[in-house]
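Novice: The structure follows.
The values are calculated or read from the model by the stated rules, or taken from the named source; none is laboratory data. Predicted model, so just to flag it, every value in this text is computed and none were measured. Cβ placement follows ideal geometry from the backbone for every residue including glycine, while neighbour counts extend to all protein chains displayed.
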Amino acid sequence: MTFSVGGLATGLDTKSIIDQLIAVEAQPKTRMQWSQSLWTSRQSSWKDLNTRLSSFQTFANNLTSPASWNVFSGISSSDNTKVNATSAGTKPAAGTYAVNVTQLAMTETWDAATALPGATAGVRTTGTWFKAGGVALASGDLLTTIRDQTNTSVALNAGSTITMAWNKGGQNYSSTFNVTATSKFSDLQAWAQTQLPSGSSVAIAGGKLNVTSAAGTASEVTSLGFTASNSAGTVLTRFNGSLGSKSSLTTRASDGGVSTADTLQFVQGSTTSYVNIAAGDNAAAMASKINATPNIGVTASIVSGKLHIVSTASGTPGNVAISSSGGLAASLGLANTVNAQDSQFTVNGTAYTRTKNTGINDVVTDVNVDLLNTTATPVSLTVGA
């Protein structure tokens, strides 16, 4: 049976008195728990301090050894126009190295001796139109004064029409000029200029019309002629039969570039690549096709209008042979202007061969050696401790 006394008894708060007595009895235990917590905290702090001191001691010990600082006094060359060097790592091998360069690495290069021709314009010229007395028609003369080669009037008058017909790109075109009493030869010239393909030019010379097309075969005017009728629609046969009514080819248009399709062949090691060149391809088009060919091992550019080809690999791995199945290579004068070769040098008497000249980092530990020129006497490289 559990017995408890609570509340007030004989005027006393017995429960409160009992709780206070229990609390007083528990105070030594509480003080011991607090003391234990304090010592645990102090122990942890001492451990942390000890760890930090140990790390500091290790760092201080490292400071006593310059090798541990990963520093050195530098690299110098007795002639840095011929041989130079830079640090390539944390611990360059200290010492003095005598470097003698007998040959520099070269990259294979091919150049065309001949520039391909550019596109040229076609030129057509009419026959001569005359005026009275067999004199060639001048730019300021009236069209109504035109006579044929027999000095007979062609009956061109106000109200007549002159039809110009031409061909471009296999398609026929025509346009009509209305003659007035004041129309001059220069008016016919200016009108023709506006009707013919863009880029064409029309000039008067010696009673003739000279028509120059824009460059290239696509713009060429391949035929040109004139016919006339009077105001009643009657064909003026004397005009149509006159020397000036027809034109002849003076200069044929050209697209320039390669005259005949061909194939260029590139052989580099065990790899052979082919580049198909079309008729009309200029140097820029050829360079573009070469550069678009996968794994061909070269890059092409244009220098002074000529094809310039350089191997992508330096040294002997970049050696390439270029030829053509037809006569293209010969017509371009394509020749090997720089032969691929490796660099050859000695370091402290030991001979080395490399495919490059700069960034050679496998001869002196943690040092990049740059070969800049051949040497008559060894160049001294000093790597500080």
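Novice: Residues that are without any contact (Cβ under 8 Å) to a residue 12 or more places away in the chain: list the strands (runs of 3 or more DSSP E) wholly contained in the stretch 118-202 that include at least 3 such residues.
Specialist: 171-178
Novice: I'm told PHE72 meets every condition in (1) surrounded by 14 or more Cβ atoms within 10 Å (Cβ to Cβ); (2) modelled with pLDDT of 95 or more; (3) under 30 Å from THR377 (Cβ atoms) except one. Can you identify the failing condition by its number?
Specialist: (2)
Novice: Of the residues in the stretch 299-344, how many are in contact (Cβ under 8 Å) with a residue 24 or more places away in the chain, within 21 Å of ASN276 (Cα to Cα) and in a strand (DSSP E or B)?
Specialist: 12
Novice: Within the stretch 223-240, identify whether any single residue is aliphatic (A, V, I, L, M), at pLDDT below 95 and over 30 Å from GLY333 (Cβ atoms), and answer yes or no.
Specialist: yes
Novice: To continue, here is another question. Exactly one condition in (1) buried (at least 17 other Cβ atoms within 10 Å of the Cβ); (2) modelled with pLDDT of 95 or more; (3) closer than 25 Å to ALA253 by Cβ is not met by ALA214; state its number.
Specialist: Failing condition for ALA214: (2).
Novice: Just give me the residues in the stretch 259-287 being more than 15 Å from ALA112 (Cβ to Cβ) and either touching a His at 6+ places or on another chain (Cβ under 8 Å) or in a strand (DSSP E or B) (or both), in sequence order.
Specialist: THR263, GLN265, VAL267, GLN268, THR271, THR272, SER273, TYR274, ASN276
Novice: Moving on to the next point. Condition check: free of Cβ contacts under 8 Å to residues at least 12 places away in the same chain and assigned by TED's automatic domain parsing to the domain that holds LYS91. Does ALA292 satisfy that? Quick ask: steps written out before the conclusion?
Specialist: Values: free of Cβ contacts under 8 Å to residues at least 12 places away in the same chain: yes; assigned by TED's automatic domain parsing to the domain that holds LYS91: no.
No, not satisfied.
Novice: Exactly one condition in (1) in a loop (DSSP other than H, G, I, E, B); (2) within 30 Å of GLY206 (Cα to Cα) is not met by PHE239; state its number.
Specialist: Unmet for PHE239, out of (1) in a loop (DSSP other than H, G, I, E, B); (2) within 30 Å of GLY206 (Cα to Cα): (1).
Novice: Collect the residues in the stretch 203-223 that are of a type in the set (Val, Ile, Thr) and in a strand (DSSP E or B), keeping them in residue-number order. Show your work before the answer.
Specialist: At the first step, the residues of the stretch 203-223 found to be of a type in the set (Val, Ile, Thr) are 204, 211-212, 217, 221-222.
Scanning the stretch 203-223 gives ILE204, VAL211, THR212, VAL221, THR222.
Novice: Residue check, GLY256 against (1) among the small types (Gly, Ala, Ser); (2) out of contact with any Asp or Glu (no Cβ under 8 Å at 6 or more places or on another chain); (3) part of a strand (DSSP E or B); (4) touching a residue at least 40 places away in the same chain (Cβ under 8 Å), all met but one. Which one?
Specialist: (3)
Novice: While we're on this one: Identify the residue in the stretch 224-236 that is in contact (Cβ under 8 Å) with a residue 12 or more places away in the chain and assigned to a strand (DSSP E or B) and, among all such residues, is surrounded by the most Cβ atoms within 10 Å (Cβ to Cβ).
Specialist: It comes out as ALA228.
Novice: Within the stretch 237-276, restricting attention to residues that are in contact with a strand residue (DSSP E or B) (Cβ under 7 Å, 6 or more places away or on another chain) and of a type in the set (Lys, Arg), which residue is surrounded by the fewest Cβ atoms within 10 Å (Cβ to Cβ)?
Specialist: Step by step, filter the stretch 237-276, then rank; the result is ARG252.
Novice: Of the residues that sit in the stretch 347-385 and are under 35 Å from the mean Cα position of the chain (by Cα), modelled with pLDDT of 95 or more and in a strand (DSSP E or B), which one is surrounded by the most Cβ atoms within 10 Å (Cβ to Cβ)?
Specialist: VAL369
Novice: Filter the stretch 270-289 down to the residues that are free of Cβ contacts under 8 Å to residues at least 24 places away in the same chain and of a type outside the set (Gly, Ala, Ser), then identify the one that is farthest from ALA340 (Cα to Cα).
Specialist: ASN276
Novice: From the list LYS184, LYS131, which one is at pLDDT 95 or above and either outside the structural domain of LEU224 (by TED's automatic domain parsing) or farther than 21 Å from LYS246 by Cβ (or both)?
Specialist: Working: LYS131 fails: either outside the structural domain of LEU224 (by TED's automatic domain parsing) or farther than 21 Å from LYS246 by Cβ (or both).
On inspection, the qualifying residue turns out to be LYS184.
Novice: Are any residues in the stretch 79-116 closer than 16 Å to THR337 by Cα and in contact with a helix residue (DSSP H, G or I) (Cβ under 6 Å, 6 or more places away or on another chain), and if so, which ones?
Specialist: THR107, GLU108, ALA112, THR114
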